[in-house]
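The values are calculated or read from the model by the stated rules, or taken from the named source; none is laboratory data. Everything quoted here is computed from the prediction, not taken from an experiment. When we count neighbours, we look across all protein chains shown, and the Cβ atoms used for this are built from the backbone with ideal geometry, even at glycine. Heads up: the accessible areas ignore ligands, DNA and RNA and are worked out on the full protein's heavy atoms, side chains in. Shrake-Rupley method; radii C 1.70, N 1.55, O 1.52, S 1.80 Å.
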Amino acid sequence: MNSQNTPVQIKLWHREFWQLAVANLFLSMSVYMLIPVLPVWLMEEENFSPVETGMSMGVFAFGLYLLGPFCSFLVQRYRRNMVYHWAILALVACLGCLWYIDTLKSEFVEFWLILLQRLVLGAAFGLAQMVLSSTLVIDTCESYQRTEANHSASWFGRFALSLGPLAGIIILRLWDFDTVIMVAMGCAAFALVLISLVEFPFRAPEEHTHLFSNDRFMLGQGWILFINLLLITLALGMMLVQMDIVAYGMLMVGFLLALLAQRFMFRDAELKSEVVTGLILLIAAQLIMLTQHTEAASYISSAFTGMATGIIGSRFLLFFIKLSRHCQRGTSQSTFMLAWETGLAIGIGVAYGWSEQLPFSIMLLALVLSGIALLMYNVLTHAWFMKHKNR
């Protein structure tokens, strides 16, 4: 069969790789904790309208691209782990701005200030993720382990999509918004500490490094994969807004089921089957959320969403890797991250901006986007990938 499996490399899981993977988890959690918490604070404490709140959440996506063209220059000009450190410090500073703003209880924050904060937060998070996934993870393992390393490290970031919002909701219920921000800052700082404890081998910088470059930023030939994944994560972002604390817990159950499915159900399956199955599960979850409003239905739809997200995310990541040339592995990682995070941020922003409408209309739009993504994958993306892959 035309299947492509990722072999498990036991020797990959040494101390340094564990530190990098866990750092990815805590870095992502520090940002994802704000998904269910920040909009509530903006609307209830700062009197933002739904449209202003949606724009504040969505502008994060545009920040992801601000420092990307400089990524290759920065890691060549400076030590790559130090670039990561500075990106994390900038991220912590952005989170600290929210904490400072909340202490000014007598004043309402200006809309433009929150937009700027979210934009810079996106830039810091984007640069940190690019350096971590495209350089640090790759540089700490042997060449034959790199696909498994990228695949495994990405799962830790995916887990944060459940654990981050879950932690944010619990902390907000037990304490307050300030505590959520402090914990988010602590998660980012812990990621920095973990990376600081890893020794990276010296690598001489390349000659004639350009200030602006697509290297480690954007894989131009992967635009069809990018658009297809963007449609899926747009729908996923809209679904996350509809979830509560139990739903985020069931999302994690779905992630674990996706891991089991990849190891057993799809081990020798046709390559096309994973994305198709994942999109069918995602559409099934949306139909359940549209038509059923019981507690059991909420559990099932959230588990389906987690399973679909895990299967689709893993397979598209490998698609980007296999589409890239030998020297473009890092670029493929950044491109996948950009498609993933852009779709989530804009989807969340659209859902909150549209929150004055019925939830039915938001879920209907998510269903339409998922249907378009499934049609695009079957008609165009898969055949195009099989024709253009390099590995």
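With a ≥ b ≥ c the root eigenvalues of the C-alpha gyration tensor of the stretch 201-317, is it rounded (a/c under 1.5), prolate (a/b larger than b/c) or oblate?
prolate
Gaussian network model of the chain, Cα springs within a sub-10 Å range: biggest mean-square fluctuation belongs to which of Val180, Val379, Val120?
Largest GNM mean-square fluctuation: Val379.
Taking the convex hull of the alpha carbon atoms in the stretch 287-391, what volume per residue do you get, in Å³?
Measuring per residue, one finds 102 Å³ for the Cα hull of the stretch 287-391.
Can you work out the FRET efficiency for the pair Phe200 and Leu358, with r the C-beta to C-beta distance and R0 = 35 Å, to the nearest 0.05?
FRET efficiency, Phe200 to Leu358: 0.10.
How much length is gained if the chain between Leu290 and Val40 is pulled fully straight, taking 0.36 nm per residue apart and subtracting their Cα-Cα distance, in nm to one decimal?
Extra length available between Leu290 and Val40 comes to 87.7 nm.
Can you compute 3J(HN,Hα) from phi for each residue in the stretch 193-198, using the Karplus curve 6.51 cos²θ - 1.76 cosθ + 1.60 with θ = phi - 60°, rounded to whole Hz and x for Gly and Pro?
Per-residue couplings from phi come out as 4, 4, 5, 5, 8, 9 Hz.
Test of understanding: what is the full-extension gain from Val276 to Arg15, defined as 0.36 nm times their sequence separation minus their Cα-Cα distance?
Working it through step by step, the gained length comes to 90.4 nm.
Counting other Cβ atoms within 10 Å, which trypsin sites (Lys or Arg not before Pro) in the stretch 171-262 have at most 16 and lie in a DSSP loop?
Hits after loop and neighbour filter: Arg203.
Quantify, in whole percent, the carbon and sulfur part of the accessible surface of the stretch 296-391 (1.4 Å probe; protein heavy atoms only).
About 70 percent, which is the carbon plus sulfur part of the accessible surface.
Given the options Ala128, Ala184, Ala284, which has the most mean-square fluctuation in a GNM of the chain, springs set between C-alpha atoms less than 10 angstrom apart?
Comparing Ala128, Ala184, Ala284 in the GNM, the peak value goes to Ala284.
On full extension of the chain, what length is gained from Phe108 through Ser143, given 0.36 nm per residue of separation minus the C-alpha to C-alpha distance?
Extra length available between Phe108 and Ser143 comes to 7.3 nm.
What are the chymotrypsin sites (Phe, Trp or Tyr not before Pro) within the stretch 17-84 that DSSP puts in a loop, where the Cβ has at most 13 other Cβ atoms within 10 Å?
Loop-located and lightly packed - Tyr78.
Mean separation of Cα pairs under 8 Å and 6+ residues apart, divided by the residue count of the chain: what relative contact order is that in percent?
29
How many lysine pairs in the chain, separated by 8 or more positions in sequence or lying on different chains, have Cα atoms less than 27 Å apart?
Total qualifying Lys-Lys pairs in the chain comes to 6.
Averaged per residue, what accessible area in Å² does the chain show with a 1.4 Å probe, protein chains only?
Per residue, the chain has an accessible area of 41 Å².
Taking the simple approach of a point 7 Å from Cα along Cα-to-Cβ for both Phe264 and Gln221, what is their distance in nm?
That separation, rounded to one decimal, is 3.8 nm.
How far apart, in nanometres, would the label points at Val193 and Thr179 be if each is projected 7 angstrom from Cα along the Cα-to-Cβ direction?
Once both label points are built, they end up 2.0 nm from each other.
Roughly speaking, to the nearest percent, how much of the stretch 51-179's 1.4 Å accessible area is carbon and sulfur?
Carbon-and-sulfur percentage of accessible area, whole number: 69.
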